[in-house]
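Peer 1: Quick one: the structure is below, questions incoming.
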């Protein structure tokens, strides 16, 4: 019986919790300043009551024995010192807590970024694919703009790994990823789905318009083959599909996968 693997809590949820805690710390800062203001008012009132009682009670004469004045001032000084110690400790606690939360937030964002990036090719990975494509499809449905999916598969990659080893195979993957970064726009999403399979999502691009970057990629691979001393000739098979409004992410991915399969097994032209 297969075990169901539980996914860890989303880093985004934790980031929201941290931001909420930082906001709560800011409110505690305001509370401390309110206490400071209240304490200043109380001390001012006490000082006026001792030094200038006639300003407080115009109809009465308040006499304070001189023998008690040192004790009163000493008590007042102790109260001020204790209050400052309390205030300082609270400020130190708040600052250390805030720094710890900010550090965790920065680390969380770094881990979130790293978890979406393929470490070998530095392209978006499969997890990023699931998170980002849904947003692009929602935007396409809302705005009525076209979006085209391009799937790419490096030809003969398994043979490279078998004959030349993983190091040469990894070099081929990184070089192909570099070509993809150079060819496609910054607004396009380029994913490494796994192995030697890549997916490019081109927002605001029709299937006909997608032929232009595909042609540039073909020329880029030809140039790579002539300038790199490699025993393997870099080439790729591809499948192209335009998004149809209302289609789910799973359906469009199946469509583009099917087109790639048809080209690979029906001996369609490859680049």
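Listed here are the residues, each with its yes/no results for (1) in the same structural domain as residue 182 (by TED's automatic domain parsing); (2) at pLDDT 90 or above.
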residue: 220; (1), (2): yes, yes
residue: 233; (1), (2): yes, no
residue: 237; (1), (2): yes, yes
residue: 242; (1), (2): yes, yes
residue: 249; (1), (2): yes, no
residue: 255; (1), (2): yes, no
residue: 258; (1), (2): yes, no
residue: 270; (1), (2): no, no
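Peer 1: Could I ask something else about it? Hey, could you check segment 117-150 for residues that are part of a strand (DSSP E or B) and either closer than 17 Å to residue 172 by Cα or at pLDDT below 90 (or both) and say which is farthest from the chain's Cα centre (by Cα)?
Peer 2: The first filter runs over segment 117-150 and keeps only residues part of a strand (DSSP E or B), leaving 117, 124, 147-150.
Right, trim to either closer than 17 Å to residue 172 by Cα or at pLDDT below 90 (or both) and you get 117, 124.
Details: 117: 11, 124: 13 Å.
Taking the candidates together, the pick is 124.
Peer 1: From 186, 165, 195, 144, which residue is surrounded by fewer than 19 Cβ atoms within 10 Å (Cβ to Cβ), at positive phi and without any contact (Cβ under 8 Å) to a residue 12 or more places away in the chain?
Peer 2: Working: 186 fails: at positive phi; 195 fails: without any contact (Cβ under 8 Å) to a residue 12 or more places away in the chain; 144 fails: without any contact (Cβ under 8 Å) to a residue 12 or more places away in the chain.
Unique residue meeting the criteria: 165.
Peer 1: If residue 173 satisfies all but one of (1) touching a residue at least 60 places away in the same chain (Cβ under 8 Å); (2) touching a strand residue (DSSP E or B) at 6+ places or on another chain (Cβ under 9 Å), what's the number of the condition it fails?
Peer 2: Of (1) touching a residue at least 60 places away in the same chain (Cβ under 8 Å); (2) touching a strand residue (DSSP E or B) at 6+ places or on another chain (Cβ under 9 Å), only one is false for residue 173: (1).
The values are calculated or read from the model by the stated rules, or taken from the named source; none is laboratory data. This one's a predicted model, so the numbers in the text were calculated from it and none came from an experiment. Ideal geometry is used to build each Cβ from the backbone, glycine not excepted, and the neighbour counts take in all protein chains shown.
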